[in-house]
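K.L.:
One structure coming up, written as structure tokens, with questions to follow.
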Amino acid sequence: MRRHFLTQSLMLCGAAVAASLAAQPAMAFPERPVKLIVAFAPGSSTDIVARLLAEQVQASIGQPVVVENRPGAGGNIATQAMLAAAADGHTLLFHSVAVAVNPTMFASPGYAVAELAPVAMAAVTPNLLYVHPDVKAANLAELLALARTEKLSYASSGNGTTTHLGAEWLFRSLAKVDVTHVPFQPAAATNAVVSGQVPIASTSMPPAVPFAKSGKVRPLAVMSSRRSPALPDVPTVAELGHPGFEANTWFALFAPGRTADAVLERLNAEFNKALSAKVVQERFAALSLEAQPMSRAGLRSYVEAEAAKWGRLVRDIGIKPQ
């Protein structure tokens, strides 16, 4: 009898404890400052976008969002640092399209795309093909014809970037012309064309648009699927006879793959809300960027498609991993 009573008492106590725990709210997020590891140096487009969004999000979540720049190895150092952190949403990665390209471009990138939890897309900007005004090519067809008769070179924002790979796709794979690649830092690539050091460039829009509007470079084609509001009169490569061509630069937020869905959903909502802020919209327009809010599932599909596309191109063209 006594044993039966004790058993019932223990069961009742256990049930009471379980009910008490169930009634308690789940652990709040965020509990402390959120670290945003940025894959490139201060002043880069990636850094500018990250800091702009961090300012909006920290006001909303009630915790500081601290930007930490970890440049190096095309962004791989930052990616590895984020993956080594606790998967609790307090350490995030802000990266560019390079996060999808690097597993193919590097022999040992230190991560696979599947290890990353996509959180939120931030912005996208087309890559742009343009020439010095002295180049005797008023459009893309004339430039390709010129490349068949003269030895030309083009500047890009660096080896393995989509500005490099997109140009190789256009010149080497589609048009079957040999144009020599000269890698630069992003802003330096534009300056190389403005100064006449290199006749052609393929870069993202932000460094090139002011010079295109002032006539110091001549834009020939945007590499997105549709025309850019920043240069609405410039046709797309797809319009000019190469359907399906698309080479963009984009920026997105990631977390360690083990992070809880509830935390990831909160972060997705907060960053998507930040994209709608007037100050963000105005700054993006000035930088020739377009806000690109996505669901987590949408971003995962997009990143996987980008990784597959650029990986296939690298292999087809025969670019050697670094």
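K.L.:
Go through the residues of the stretch 197-205 one by one and say whether even a single one is under 23 Å from residue 97 (Cα atoms), touching a residue at least 40 places away in the same chain (Cβ under 8 Å) and surrounded by fewer than 16 Cβ atoms within 10 Å (Cβ to Cβ).
P.N.:
For the stretch 197-205, residues under 23 Å from residue 97 (Cα atoms), touching a residue at least 40 places away in the same chain (Cβ under 8 Å) and surrounded by fewer than 16 Cβ atoms within 10 Å (Cβ to Cβ): absent.
K.L.:
What pairs can you find where one residue is in the stretch 46-60 and in contact (Cβ under 8 Å) with a residue 12 or more places away in the chain and assigned by TED's automatic domain parsing to the domain that holds residue 99, the other is aromatic (Phe, Trp, Tyr) and surrounded by 16 or more Cβ atoms within 10 Å (Cβ to Cβ), and their Cβ atoms are less than 7 Å apart, with a gap of 6+ or different chains?
P.N.:
The qualifying pairs are 46/40; 46/94; 46/251; 47/40; 49/251; 50/94; 53/271; 57/271.
K.L.:
Which pairs turn up if I take residues in the stretch 168-181 that are more than 13 Å from residue 237 (Cβ to Cβ) and look for partners that are among the charged types (D, E, K, R) with beta carbon separation below 6 Å, at least 6 apart in sequence or on another chain?
P.N.:
Once the first residue is more than 13 Å from residue 237 (Cβ to Cβ) and sits in the stretch 168-181, its partners that are among the charged types (D, E, K, R) give 177/148.
K.L.:
Let me ask something else about it. Going through 292, 281 one at a time, which residue ends up being free of Cβ contacts under 8 Å to residues at least 60 places away in the same chain, touching a Leu at 6+ places or on another chain (Cβ under 9 Å) and either in the same structural domain as residue 48 (by TED's automatic domain parsing) or crowded, with 19+ Cβ neighbours inside 10 Å (or both)?
P.N.:
281
K.L.:
Given the criteria at pLDDT 95 or above, more than 30 Å from residue 293 (Cα to Cα) and crowded, with 17+ Cβ neighbours inside 10 Å, does residue 237 qualify?
P.N.:
When the stated conditions are applied, residue 237 does not pass them.
K.L.:
Looking at 55, 31, 68, can you tell me which residue is surrounded by fewer than 20 Cβ atoms within 10 Å (Cβ to Cβ) and part of a helix (DSSP H, G or I)?
P.N.:
Just a single option satisfies the conditions, and that option is 55.
The values are calculated or read from the model by the stated rules, or taken from the named source; none is laboratory data. It should be emphasised that the depicted structure is a prediction, and the values quoted were computed from it without experimental measurement. Note that each Cβ is placed from the backbone with ideal geometry, even for glycine, and that neighbours are counted across all protein chains shown.
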